[in-house]
Amino acid sequence: MKYFLIFLIILLTGCEKNESISIVGENNGNPIFCFSSSNICKNKKVQVNVGITIYELDESGKRNKLMWKIYCNSKKNKDYLIDSVEYSILPQGWIESAPAQKIIENKIYSINYSVFFYKSKGIYYYYGRDGVKSSFKIQ
């Protein structure tokens, strides 16, 4: 029991669990997503083990269409560490299992089932896990 408690304490204190995703820019109309361990994008790389999955949602919030799916297939731990990803551009060591589809204005999308975004009149709006709405205007 003693060893189990020590293992559990190490596991709970050593794992990065609060992955935050935000939109920090765009390139040719494609959003650039920032991955961070806090609500502020700090350009500090975080480990993303589950990959990145983006779905278009229907009006009821159900997944309607797979828009893009990528995952890391590298044996190098450093390739799992990312700080930002441009939509449709693969990070080094990553594989695309579903090619990127065109982002359409006024459609709602989910990133890894927790962050939601849409584009309207050149502005990307996104909602994080905490329900806070933010926006990024395309210049």
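List the residues, sorted by chain then number, that are 5 or more residues from Asn64 or on another chain and whose placed amide H is less than 5 Å from its amide H.
Here the answer is Glu56, Leu57, Asp58, since their amide H atoms fall under 5 Å of that of Asn64.
Arrange the peptides 114-123, 58-67 so that the one whose residues have, on average, the most other Cβ atoms within 10 Å appears first.
Highest-to-lowest ranking by the protection proxy: 114-123, 58-67.
Greater than 21 Å separation of Cα atoms is the criterion. Which listed pairs, Lys76/Lys102; Lys65/Lys102; Lys62/Lys121, meet it?
Over 21 Å Cα-Cα: Lys76/Lys102; Lys62/Lys121.
The numbers here are math on the coordinates, done by the rules we state, and not lab data. Owing to the predicted nature of the structure, the values given are computational and were not obtained by experimental measurement. Neighbour counts are summed over all protein chains in view; Cβ atoms, including those assigned to glycine, are modelled from backbone coordinates with ideal geometry.
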